[in-house]
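See structure below.
The values are calculated or read from the model by the stated rules, or taken from the named source; none is laboratory data. Predicted model only: the values in this text are computed from it and were never measured. Heads up, the Cβs are rebuilt from the backbone with ideal geometry, glycines too, and the neighbour counts pull from every protein chain shown. What goes into the accessible areas is simple: the full protein's heavy atoms, side chains included, and nothing from ligands, DNA or RNA. Shrake-Rupley method; radii C 1.70, N 1.55, O 1.52, S 1.80 Å.
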Amino acid sequence: METKTMTYMQALRLAMDEELARDDKVILLGQDVGILGGAYGVTGDLYHKYGPDRIIDSPLAENAIVGFGIGAAMMGWRPIMEIMKMDFSMVAVDPIVNHLAKYRFMSGGQIEKMPAVVRTAIGGGTRSGPHHSYSLHHIFAGFPGLKLVCASTPEDAKGLLKSAIRCDDPVVFLEHKLLYAKKEQIPDGEYLIPLGKADVKRPGKDLTILTWFRQVYFSLEAAETLAAQGIDAEVVDLRTL
């Protein structure tokens, strides 16, 4: 398979671009995702490529974004809902955990699928202040009915986001702001990574470090430090919480 060098951010955009082109039921909505290309530039020029009917600039109302997405998913669409920062997901906790996560199971078979993705950026270290730096994955990981994805590499970002968009269950897809600029070779063309499957980032026989997201890189550094002391540490990236 051919590869190309790409940032984490570009890999996310490519994943959405490919899925928007593949399935005309895929739509993207959120604050500033359209003309401005997203708060961090992730959505880029998708608005100009697919138009305002599929790349939808929403009001500044996270509960409305998720509510619209829930209704769209129930009617056969595959919405990607962007909440600019995870801090703002607190405004939408009720529709995410009490409706998005539960409707399919509460419908008595009337709702066969709930194919919806909530994308949001997490993490501090960007001088964004106390209202823009939360990492709340531990909260949403505790609610049944949601798949929670933390992609640590550009390759994982592309493969996992494509799988999330195709998933018939709701997925909360997290993106660490300090990973957006990270570069690596990623597979070109059709490339999927199954949800729920961890990845061994470093083999080892003496102990196992279970980690995820940006902490993967710190764990790999720690494993190298241990190796210098004669300890062979395995590093496992959970990827899906």
Charge dipole magnitude, Cβ of K and R +1, D and E -1 - the chain, Cα centre, debye nearest 20: 220 debye
Under 8 Å for C-alpha pairs, at least 6 residues apart: give me the relative contact order for the chain, rounded to a whole percent. 21 percent
Give, in whole angstrom and from largest to smallest, the semi-axes √(5λ) of the equivalent ellipsoid of the range 47-101, with λ running over the eigenvalues of the Cα gyration tensor. 20, 15, 8
Taking the convex hull of the Cα atoms, report for the range 10-62 its projected area averaged over all directions, in nm². 3.4 nm²
Per residue, how much accessible area does the chain have with a 1.4 Å probe, in Å²? 45 Å²
Peptides 83-91, 100-108, 160-168: what's the order by average Cβ count within 10 Å, highest mean first? 160-168, 83-91, 100-108
Counting only protein heavy atoms and a 1.4 Å probe, tell me what percentage of the range 142-236's accessible area is made up of carbon and sulfur. 55 percent
So what's the back-of-envelope 222 nm ellipticity for the chain, counting only DSSP H runs of four-plus at -39500 (n - 2.57) apiece and dividing by all residues, rounded to 500? -8000 deg cm²/dmol
If eta is 1.306 mPa s and T is 10 °C, what Stokes-Einstein diffusion coefficient results for the range 118-208, Kirkwood Rh from Cα pairs, in µm²/s? 108 µm²/s
Using a simple charge model, +1 on the beta-carbon of Lys and Arg, -1 on the beta-carbon of Asp and Glu, nothing else, what dipole does the range 1-106 show about its Cα centre, in debye to the nearest 20? 260 debye
Give the lysines reachable from Lys182 as a straight Cα distance under 25 Å; neighbours fewer than 8 places away on the same chain don't count. Lys4, Lys85, Lys147, Lys158, Lys162, Lys197, Lys201
Quick one: which residues, 5 or more positions from Glu82 or on another chain, have an amide H under 5 Å from its amide H? H modelled 1.01 Å from N in the peptide plane, none for Pro or chain starts. Leu29, Gly30, Arg119
Given the chain, what percent of its DSSP beta bridges are antiparallel, to the nearest 5? 25 percent
Over its alpha-carbon atoms, the range 44-136 yields an Rg and a Dmax in Å of 14.7, 47
Could you tell me which residue out of Val91, Gly129, Ile193 lies farthest along the dipole of the chain toward its positive end? Charges go on the beta carbon: Lys and Arg +1, Asp and Glu -1, centred on the Cα centre. Val91
Return the sequence-ordered ³J(HN,Hα) values of the range 154-163 in whole Hz as given by the Karplus equation 6.51 cos²θ - 1.76 cosθ + 1.60 applied to θ = phi - 60°, using x for Gly and Pro. x, 4, 5, 4, 5, x, 6, 5, 4, 5
